[in-house]
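Here is the structure we will look at, set down as structure tokens.
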Amino acid sequence: MVIPPYTPNDTTHISMKRFKALLKEVDVNGDGRINMHELSEFLLRLGLSNPRWRALLLMRQVDTNGNHTIEGKFEMKILIKHLRELWGIVIS
Ligand SMILES: [Ca+2]
């Protein structure tokens, strides 16, 4: 499956408050970590197509300690960076 590369026209802005609220919403087991399933749900709620495919791609790049979840300040920072660079989602 090919996802079209993002062009600057596609930029979506969401607030840090909204970003954190969304993460909390999708963290169904409430452990403060985002797993593949939760990440896919998160991307779906951001309105992105093919959320499962994107979640797979994103997890591979963001999960630096390889525990299959996104957690902690460091990985969150990378998540924010990649959302912007890959798909033009700017969190501010
Ligand atoms: Ca991790």
Counting only residues that are closer than 18 Å to T12 by Cβ and either in contact with a strand residue (DSSP E or B) (Cβ under 8 Å, 6 or more places away or on another chain) or among the polar types (S, T, N, Q) (or both), how many does the stretch 29-47 have? 5
Scanning the stretch 34-46 residue by residue, the ones that are part of a helix (DSSP H, G or I) and closer than 11 Å to I70 by Cα total 3
I'm trying to understand the selection: among the residues of the stretch 34-46, which are within 19 Å of I91 (Cα to Cα) and within 13 Å of the ligand (Cβ to nearest atom)? I34, E38, L39
Going through the stretch 47-92 in order, the residues found to be touching an Asp or Glu at 6+ places or on another chain (Cβ under 9 Å), away from the ligand (no atom under 16 Å from the Cβ) and in a helix (DSSP H, G or I) are P51, W87
Failed item in (1) over 10 Å from the mean Cα position of the chain (by Cα); (2) at pLDDT 95 or above; (3) within 16 Å of the ligand (Cβ to nearest atom), with D31 passing the rest: (2)
Those residues that are touching a helix residue (DSSP H, G or I) at 6+ places or on another chain (Cβ under 8 Å) and aliphatic (A, V, I, L, M), I need them from the stretch 71-82; list them, please. I78, L79, I80
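The values are calculated or read from the model by the stated rules, or taken from the named source; none is laboratory data. Since this is a predicted model, take the numbers as computed values, not measurements. When we count neighbours, we look across all protein chains shown, and the Cβ atoms used for this are built from the backbone with ideal geometry, even at glycine.
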